[in-house]
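Peer 1: The following block contains the structure, expressed as structure tokens.
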Amino acid sequence: VAEMKMDAEKKIVSRVGKNGHRYAIDDNHNISLPLYTKLAYILGLRVSPSHRRMDIRLKLVTRVEQWFRENGAEYSYMATEKDNEASLTLFTRRCGYNIFRTPSILVQPVFAHQVKISKGVTIFQLTPSEAETLYRRQFSTVEFFPRDIDSILNNKLNLGTFVAVSSNIIHIVLSLGLL
């Protein structure tokens, strides 16, 4: 919780949620959507076996974290395999990181086969503006929501946002003029 002294009274102006997001608080103590936290990621750190046990990893992490601070990052995340004891020891014991969660990373060779789509499903593409509205309404409070979602959705490399819904629902939505 952050307080600010205004005249003779102290006023709560923001708080940090359990997920690390900062939230603004108005005069009526209503909590708004999160203010965004600038995160930095270390996705992979490898040292040649012949150069291990020389504190090279620690020096790399220290220098990378310095660069993160210089560029305004508030938190640093590190992704590693849950059974990589050397990495876990370095980051939790020597660098002070906390285990935040254990995500699963899934992969599928999309070129090798195609999933058959049921005839009862309709797939349509959203415009970048529609996709931004959807993402902001549904996901803005999750810890990894990008502040620049509009830039991501409008990037020329973005292939689009597609939504799959029951064909029955899409007919109702269309008949009501909601889409």
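The values are calculated or read from the model by the stated rules, or taken from the named source; none is laboratory data. Since the model is a prediction, treat every value here as computed from it, not as a measurement. No Cβ is skipped: glycine too gets one built from the backbone with ideal geometry, and neighbour counts run over all protein chains shown. Side chains are part of the model used for accessible areas, which takes the heavy atoms of the whole protein and leaves out ligands, DNA and RNA. Shrake-Rupley method; radii C 1.70, N 1.55, O 1.52, S 1.80 Å.
Peer 1: If you scan region 75-104, which residues turn out to be in contact (Cβ under 8 Å) with a residue 40 or more places away in the chain and open to solvent by 60 Å² or more (accessible area, probe 1.4 Å)?
Peer 2: Tyr75
Peer 1: Among all residue pairs at least 6 apart or on different chains, which show Cβ distances below 6 Å where the first residue, located in region 156-179, is assigned by the TED database to the domain that holds Ser129 and the second is open to solvent by 90 Å² or more (accessible area, probe 1.4 Å) and at pLDDT below 85?
Peer 2: Sorted first by the residue in region 156-179, then by its partner, the pairs are Val173/Leu179.
Peer 1: If a residue must be loosely packed, with under 13 Cβ neighbours inside 10 Å and not aromatic (Phe, Trp, Tyr), how many such residues does region 148-164 contain? It would help to see each step written out before you state the result.
Peer 2: Going residue by residue through region 148-164, those that are loosely packed, with under 13 Cβ neighbours inside 10 Å are 148, 151, 155-160, 162, 164.
Within this subset, residues satisfying the condition of being not aromatic (Phe, Trp, Tyr) are 148, 151, 155-160, 164.
Count: 9.
Peer 1: What pairs can you find where one residue is in region 140-151 and at negative phi, the other is open to solvent by 30 Å² or more (accessible area, probe 1.4 Å) and modelled with pLDDT under 75, and their Cβ atoms are less than 6 Å apart, with a gap of 6+ or different chains?
Peer 2: Filtered contacts from region 140-151: Ser140/Leu33; Glu143/Asn19; Arg147/Tyr36.
Peer 1: I've got another one for you. Exactly one condition in (1) part of a helix (DSSP H, G or I); (2) more than 18 Å from the chain's Cα centre (by Cα); (3) surrounded by 10 or more Cβ atoms within 10 Å (Cβ to Cβ); (4) free of Cβ contacts under 8 Å to residues at least 24 places away in the same chain is not met by Arg57; state its number.
Peer 2: (4)
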